[in-house]
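Heads up, the thing below is written out as structure tokens.
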Amino acid sequence: MPYVNIKITDEGVSKAQKQALVTGVTQLLQNVLNKNPKTTFVVIEEVALDNWGIGFDLVSDIRKATQE
């Protein structure tokens, strides 16, 4: 019974994109590990940019710096 947790930043990911992630991950587990899709769990967590850091910086600040 696989459990996959996908964490992404909350930058406007659509429902269709989330569905594609769930479908793709489930299909990959079925193809590679022969796991049953009916017992495969995929959870997508959206994280605010202020709650995600890379190195010493928050992603929100990194995004601002690259837009300027």
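Which value, in Å², gives the accessible area per residue of the chain when a 1.4 Å probe is used on the protein heavy atoms? List each step's numbers first, then the result.
On the way: 5220 Å² over 68 residues.
Value for the chain: 77 Å² per residue.
Quick one: check the C-alpha center-to-center distance for segment 44-68 versus segment 1-38, whole angstrom. If you average the Cα positions of each part, the centres end up 23 Å apart.
Taken along the Cα-to-beta-carbon direction at a fixed 7 Å, the label points for residue 11 and residue 43 span 2.4 nm.
Report, to the nearest whole %, how much of the accessible area of the chain belongs to carbon and sulfur atoms, 1.4 Å probe, protein only. Spell out each step's value before the answer.
Working: 2880 of 5220 Å².
Roughly 55 percent of what the probe reaches on the chain is carbon or sulfur.
Give the calculated FRET efficiency between residue 51 and residue 18 to the nearest 0.05, with a Förster radius of 22 Å applied to their Cβ-Cβ distance. Mind dumping the intermediate values first?
Numbers: r = 19 Å, r/R0 = 0.86.
So the FRET efficiency works out to roughly 0.70.
In terms of packing, defined here as the mean over residues of other Cβ atoms within 10 angstrom, the peptides 19-32, 43-56 line up highest first as 19-32, 43-56. Compute the angle between helix 15-33 and the longest alpha-carbon principal axis of the chain, please, reported from 0 to 90 degrees and rounded to the nearest 10. Taking the Cα atoms of the chain, the angle to 15-33 is about 50 degrees. Ordered from longest to shortest, the equivalent ellipsoid semi-axes for the chain are 31, 12, 9 Å, each the square root of 5 times a Cα gyration tensor eigenvalue.
The values are calculated or read from the model by the stated rules, or taken from the named source; none is laboratory data. As the structure is a computational prediction, the values presented were derived from the model and not from experiment. Note: ideal-geometry Cβ built from the backbone for every residue, glycine included; neighbour counts use all protein chains shown. Side chains are part of the model used for accessible areas, which takes the heavy atoms of the whole protein and leaves out ligands, DNA and RNA. Shrake-Rupley method; radii C 1.70, N 1.55, O 1.52, S 1.80 Å.
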